[in-house]
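Worksheet: one structure, shown below.
The values are calculated or read from the model by the stated rules, or taken from the named source; none is laboratory data. Only a predicted model underlies this, so the values are computations on that prediction, with no experimental measurement involved. Note that each Cβ is placed from the backbone with ideal geometry, even for glycine, and that neighbours are counted across all protein chains shown. SASA here: full protein model, heavy atoms, side chains in, ligands and nucleic acids out. Shrake-Rupley method; radii C 1.70, N 1.55, O 1.52, S 1.80 Å.
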Amino acid sequence: MATRKRVTLAPDHVYVPKHEINTKKEAEDVLEKYHCKATDLPLIFVNDPAIVGIGIKPGYLKKLHSKDST
């Protein structure tokens, strides 16, 4: 019996911070500010429910707006 994964989108949930795609200029500024390469930054799965709806593709940098300082 084949089971099917149910995709749950959660962008409006209270515990999910707001995600935005950075422009190329913003991404370059972030990399320059922290003296790193894009491969040094944390990864997120492209099928993560929090980002499925914003149309992010591999290689993009995203901005995360969180109320928590950690």
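List of remarks:
- Here is the figure for region 30-70: residues that are open to solvent by less than 100 Å² (accessible area, probe 1.4 Å) and of a type in the set (S, T, N, Q) total 1.
- Residues that are more than 25 Å from His13 (Cβ to Cβ) and more than 16 Å from the chain's Cα centre (by Cα), drawn from region 32-70: Glu32, Lys33, Tyr34, His35, Cys36, Lys37
- For Lys25, the test of being in a helix (DSSP H, G or I), surrounded by fewer than 13 Cβ atoms within 10 Å (Cβ to Cβ) and modelled with pLDDT of 80 or more is passed.
- Filter result for Lys67 (at pLDDT 80 or above and out of contact with any Cys (no Cβ under 6 Å at 6 or more places or on another chain)): no
- A count restricted to region 10-30 and to residues that are of a type outside the set (D, E, K, R), out of contact with any Leu (no Cβ under 7 Å at 6 or more places or on another chain) and touching a residue at least 24 places away in the same chain (Cβ under 8 Å) stands at 4.
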